[in-house]
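One structure is given below, encoded as structure tokens.
The values are calculated or read from the model by the stated rules, or taken from the named source; none is laboratory data. Everything numeric in this text was worked out from a predicted model, so none of it was measured. Here the Cβ is made from the backbone with ideal geometry for all residues, glycine too, and neighbour counts use every protein chain on show.
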Amino acid sequence: MTRLLALFLFVIGCQAEPVDPCVEAGDDALSTCLSPTMDEAHYVQWSDGYFNTMDSEQDRDVVPPYSELVARWEWPPWLKLTAFGYDNILATDQLLRLYPSTIPERDCRFFAEQPFGRCRVVFYYEDEAHEGRGCPIYEEFTFNDAGEITWIEAWSDLPGFLPMDGAVDPWAEGEDVDRLSTRIPGLGNAEGLIDLDGEAMLAAADADADVADFLARANDWYATWSAEVDAAGDSLWPVGCGWE
């Protein structure tokens, strides 16, 4: 009887053992399943170094360690999915040179939980329309185990646009931060490579309108981005930079 009771308790204990959702998800894991594999300096260097690609006073030809399927998502009033894939982000980096800018104000920091890199920066554009006014941006960088950037997510660093209350949680460390990177299946596998046609992605899109929006845009990146450019009109900079 004692042996049966012990066996019963053992079986119950085994059944009660929690399942690690990251292990269970496998290649479809979320980015929060990853831990840093590089030293802190790597994440700070390339979060900051990303902005050199848009700073006319820096060496803009130094390419950050982008992943094969790197995505850049810029929340409204910006243009949502503004690059998807290594070649496309290089092309858009070149395109942005048509709008010369300097980014002298930068504060990039490392965080032990994804996104590992987070920056507050101010762009200064050289054209007369900007009249020397700064454009504050809050930006986050997700990295894979190889130290490559897999996801870039940006917001206007202004009240009403940020994913958190900047006055209370300036570096978006709270549990209620509304970021998209941590909701994309696949960013949490070792390579940070997503599968647009995978069951997990389709299920996430069914349950989350933002994921569905990303999926639709990623499947037709250039057309959806071009439509956003056309729709933005002249209000993009005054609204996004806080000049209104």
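For every residue, the table says whether it meets (1) surrounded by fewer than 17 Cβ atoms within 10 Å (Cβ to Cβ); (2) part of a loop (DSSP other than H, G, I, E, B); (3) at pLDDT 95 or above.
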position: THR142; (1), (2), (3): no, no, yes
position: PRO159; (1), (2), (3): yes, yes, no
position: ASN189; (1), (2), (3): no, yes, yes
position: ALA231; (1), (2), (3): yes, no, no
Residue within region 99-121 that is loosely packed, with under 12 Cβ neighbours inside 10 Å and within 25 Å of LEU180 (Cβ to Cβ) present: yes
Any hit, region 43-63, residues being within 18 Å of GLU191 (Cβ to Cβ), crowded, with 17+ Cβ neighbours inside 10 Å and touching a Pro at 6+ places or on another chain (Cβ under 9 Å): yes
Neighbours by Cβ (under 7 Å, 6+ apart or cross-chain): first from region 53-72, free of Cβ contacts under 8 Å to residues at least 60 places away in the same chain and over 20 Å from PHE143 (Cβ atoms); second of a type in the set (A, V, I, L, M) and outside any loop (DSSP other than H, G, I, E, B): ASP55/ILE103
Residue in region 163-175 that is over 14 Å from MET54 (Cα atoms), in contact with a helix residue (DSSP H, G or I) (Cβ under 9 Å, 6 or more places away or on another chain) and surrounded by fewer than 17 Cβ atoms within 10 Å (Cβ to Cβ) present: no
Residues located in region 191-204, provided they are over 16 Å from GLN114 (Cβ atoms) and either touching a Lys or Arg at 6+ places or on another chain (Cβ under 8 Å) or assigned to a loop (DSSP other than H, G, I, E, B) (or both): ASP195, LEU196, ASP197, GLY198, ALA204
Meets criteria (assigned to a strand (DSSP E or B), touching a residue at least 60 places away in the same chain (Cβ under 8 Å) and touching a strand residue (DSSP E or B) at 6+ places or on another chain (Cβ under 7 Å)) for ARG179: no
Any chance VAL239 is at pLDDT 95 or above and either of a type in the set (Val, Ile, Thr) or over 17 Å from the mean Cα position of the chain (by Cα) (or both): no
Check on TYR124, among the aromatic types (Phe, Trp, Tyr) and either in contact with a helix residue (DSSP H, G or I) (Cβ under 9 Å, 6 or more places away or on another chain) or assigned to a loop (DSSP other than H, G, I, E, B) (or both): yes
Residue within region 148-156 that is assigned to a loop (DSSP other than H, G, I, E, B), modelled with pLDDT of 95 or more, hydrophobic (A, V, I, L, M, F, W, C) and within 20 Å of THR82 (Cα to Cα) present: no
Residue list for region 108-139, filter: over 18 Å from GLY242 (Cβ atoms) and at pLDDT 90 or above: CYS108, ARG109, PHE110, PHE111, ALA112, GLU113, GLN114, PRO115, PHE116, GLY117, ARG118
Residue check for PRO36: within 17 Å of CYS135 (Cβ to Cβ) and in a loop (DSSP other than H, G, I, E, B): no
